[in-house]
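To start, the structure under review is shown below, and the notes come after it.
Each value in this text was obtained by applying a stated rule to the coordinates, not by laboratory testing. Fair warning: this is a prediction, and the values are worked out from it, not measured in the lab. Neighbour counts are summed over all protein chains in view; Cβ atoms, including those assigned to glycine, are modelled from backbone coordinates with ideal geometry.
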């Protein structure tokens, strides 16, 4: 390995806990030869490398040789009440959901944006509190007009460099985690994270958001979000019907 | 002695003012051709520079003139509907107002000056200019002044008569612009949709399908809520409930997260609570709290609170309030102002309520030390004070139970404004249990104050909480998961609709009730009762036609980025903002008329091009919907 390769790899490892793979580094250096010839400082080159790694798929860019930097393959095991992952484990976000809001309220919020009501001056106040002091109205109305953003807590699907997936629950508020703010393919580092019944409990102490995204996945996720929400609502209704059907109760009345 | 002609907006005001100015002795002369309007003759000293004058007090009955298209544009098929945006219009004295107009011209011919006593709001200023026009027909050199008053109580009227001001031309211009816009836009869309839709179904041919730039967004709110109720999907949620018994009191702690929509997540959160065994008290917050007395009463509030507490629709409340004002019992009921001017002697108004059997004692207590200066809201229309009682009225002097209810509401609200806030002590205990936070709240009402007279507000003590120390640990008696389901919003009620119209800037406070009545009249909206007995409320449900029109107009502009639907409040809101600009003098009447017509003309062209969208929606709801 050339000196610059070693330096970049060491930098990414020590500052971001990312161990990039040899083959990716080779390709990166090859594509950066022009910069190297122009004597671009190594720190600037490291920045470029970091930016590319954060926009990449970790499965293509990181090594999986150190077992402490990947998720245990049986992480999903619901019989394990609690275990700890010392890490650091780099992961990427495959999905984000707001479990503090109903699916339907999220669909309604998307539709408000579709109708152009998120544009300044085109907002519609839809609820008022009759019987409260009129000056309270504005504050009460904001929540039903919020076009973007979400308060959580959020449920994430995370994936490590080896391709192992896990569910992450935002146990305590993490500022960077919010729909619209945290894109699909965004990168995080887990350190000393607790896993309970197969779910990683995310707190500001154990989860650091590095940023980045995977453009193609993020676009597809956004475009398909409303349809997925609606499909899940349908699915829930179907399950509900089956449940009441199997109980043999009042299903016939419907 | 100079002759002076005084003209009020309604016969009852003319009579009330005549009574006060004349001291009770005046001569009544009927006028030819109008059974309602009378001339009242008396002498009065208006002070400098007028001195004692011979007065004729008369009135109009609302607007004198009406705006219409020239006769060759009046037929339904006389021109393409779009031509009505530019077609020539003319203002003329309405047919049934001819006798009243003639009376004014005749009286003006013999008078030195005209004093206008129309209501002091935008419409009143415009009516004032109409009266002036007729008066000048009879006497081109007549001097014109205006009396500024907000109730018909004697001292107030006498004072207004001696402090005359000028008519507000800007406000009159704003009304003129509004009248022209309503005529052109209303007629163009009404003709377009009626002509295009009437052949679809016999139901649609029964009557014109009228359009109004305020009615449609009003209808839009009703339909929007209806569809939200209809489309709503129920979802299950889960939460954690913690209970702890101390000193024989069961304290329920509520989860800070309230509930979540992921059962697995809630399950592990509970498991971690239970694993922690003990909860820790992280906060004990005991502080004085108060429930604020209401703000001074505005028209919007009167309509909202009234239709909620008094079980009358807003139009009826306004009609009764108008009557109470005309008789001099309450101040002018059309006002946006929710702050009392410092110059008003509020204590004197409170004292007037002493004789009442129900709240007289309360009024005395206020004067004996409990009086507080009312809170000030943020609105001031600079024309009228908040609605308040002008004098005490014996219940027997009020003809109906509804009159008594509205008067009582105005009085109680006024006394509440002049009272101390209700005081209490609130306690909040917060605990951490595992990774989760829970809280319990308590309230003790210590002094009811304004609540004693304002019987419409409720504020009651909760269960008493036992004592907790910050930092102490305890093992909850019970912690478990509960589940529930989301529920749809309710259908819109009239008070809510008024609130929505106000919050979205459509309709002036004074006209909201009329717009709501209109969409009921047009059969775009029907009412039905939810619940029964005292807790029943009237809900607004759109008819098939109402839904079809909203959906049709929404579809017309779908995909057009800068064209908001007619069912949405924006276009009308912008128009009303422009009216305010005329009043403020920052825009002229012509500018506003041109700009607003341009906005609506654009939507009109889209509607014409995509008229099939409107037809399809009507077919969907009125023909196919009716068959299934």
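Brief remarks follow.
- Across chain A, Cα-Cα distances exceeding 35 Å account for 33% of all pairs.
- Acute angle (nearest 10 degrees) that the helix A:3-16 long axis makes with the longest principal axis of chain A, alpha-carbon atoms: 30
- FRET efficiency for residue B:309 and residue A:216, using Cβ-Cβ distance with R0 set to 45 Å, rounded to 0.05: 0.15
- The order of A:76, B:570, going from fewest to most other C-beta atoms within 10 Å of their C-beta, is A:76, B:570.
- Point-to-point label distance, residue B:36-residue B:396, nm (Cα→Cβ direction, 7 Å offset): 3.2
- Additional length obtainable on full extension of the chain from residue B:487 to residue B:105, 0.36 nm per residue less Cα span: 131.2 nm
- Shape category assigned to the range B:2-167 from the gyration tensor of Cα positions, a/c cut at 1.5: prolate
- Inter-part distance, the range B:458-513 to the range B:126-197, computed on C-alpha centroids, equals 44 Å.
- Computed FRET value (nearest 0.05) for residue B:263 with residue B:616, which takes r as the C-beta separation and R₀ as 45 Å: 0.55
- For the range B:299-417, the C-alpha radius of gyration sits at 1.01 times the compact-globule guess of 2.2 N^0.38 Å, with N the residue count.
- Stokes-Einstein D for the range A:1-118, Kirkwood Rh over Cα pairs, 20 °C, 1.002 mPa s (µm²/s): 121
- Approximating the spin labels as points 7 Å out from Cα along Cα→Cβ, the residue B:361-to-residue A:83 distance works out to 7.5 nm.
- Ranked by how many other beta carbons lie within 10 Å on average, peptides B:114-127, A:153-166, B:250-263 from highest: B:114-127, A:153-166, B:250-263
- Here the peptides B:58-69, B:159-170 are ranked by packing, the mean other Cβ count within 10 Å, and the order with the highest first is B:58-69, B:159-170.
- Exercise: per-residue mean of other protein chain Cβ atoms within 10 Å, B:264-270: 6
- Neighbouring Cβ atoms from other chains, within 10 Å of the Cβ of residues in B:498-505, number 5 on average.
- From least to most packed, judged by other beta carbons within 10 angstrom and beginning with the fewest, B:417, B:583 follow the order B:583, B:417.
- GNM on chain A, alpha-carbon springs under 10 angstrom: the most fluctuating residue among A:217, A:188, A:243 is A:243.
- Taking the Kirkwood radius as Rh and the Cα radius of gyration as Rg, the range B:196-299 has a ratio of Rg/Rh equal to 1.27.
- Cα shape, the range B:81-120, gyration tensor, a/c 1.5 rule: prolate
- Cα pair count fraction exceeding 13 Å, expressed as % - the range B:155-226: 76
- Stretched out straight at 0.36 nm per residue, the stretch from residue A:176 to residue A:227 would grow longer than its current Cα-Cα span by 15.9 nm.
- Scoring B:453-459, A:105-111, B:31-37 by mean Cβ neighbours within 10 Å over their residues and listing the highest first yields A:105-111, B:453-459, B:31-37.
- Centroid-to-centroid separation of the range B:263-315 and the range B:560-584 [C-alpha atoms, Å]: 35
- Annotation for residue B:136 and residue B:169: the two label points, set 7 Å from Cα along the Cα-Cβ direction, are 1.0 nm apart.
- Reference-scaled alpha-carbon Rg (2.2 N^0.38 Å with N residues) for the protein assembly as shown: 1.21
- With the convex hull of the Cα atoms taken as the outline of chain B, the averaged projected area works out to 35.6 nm².
- Centre-to-centre separation between the Cα atoms of the range B:215-252 and those of the range A:159-219: 31 Å.
- Computed per residue of chain B from DSSP H runs no shorter than four, each worth -39500 (n - 2.57), the mean residue ellipticity at 222 nm is -12000 deg cm²/dmol.
- Computed from Cα atoms, the angle from the helix B:494-503 axis to the main principal axis of chain B rounds to 80 degrees.
- Nearest-ten-degree value, helix B:215-231 long axis tilted from longest Cα axis of chain B: 20
- Extension gain for residue B:461 to residue B:195 (0.36 nm times residue separation, less C-alpha to C-alpha distance): 89.6 nm.
- Zone of residue B:591's modelled label, taken as backbone nitrogen in the range B:482-526 under 12 Å from a point 7 Å along Cα→Cβ: none
- Note on A:114-127: average number of Cβ atoms from other chains within 10 Å of each residue's Cβ is 5.
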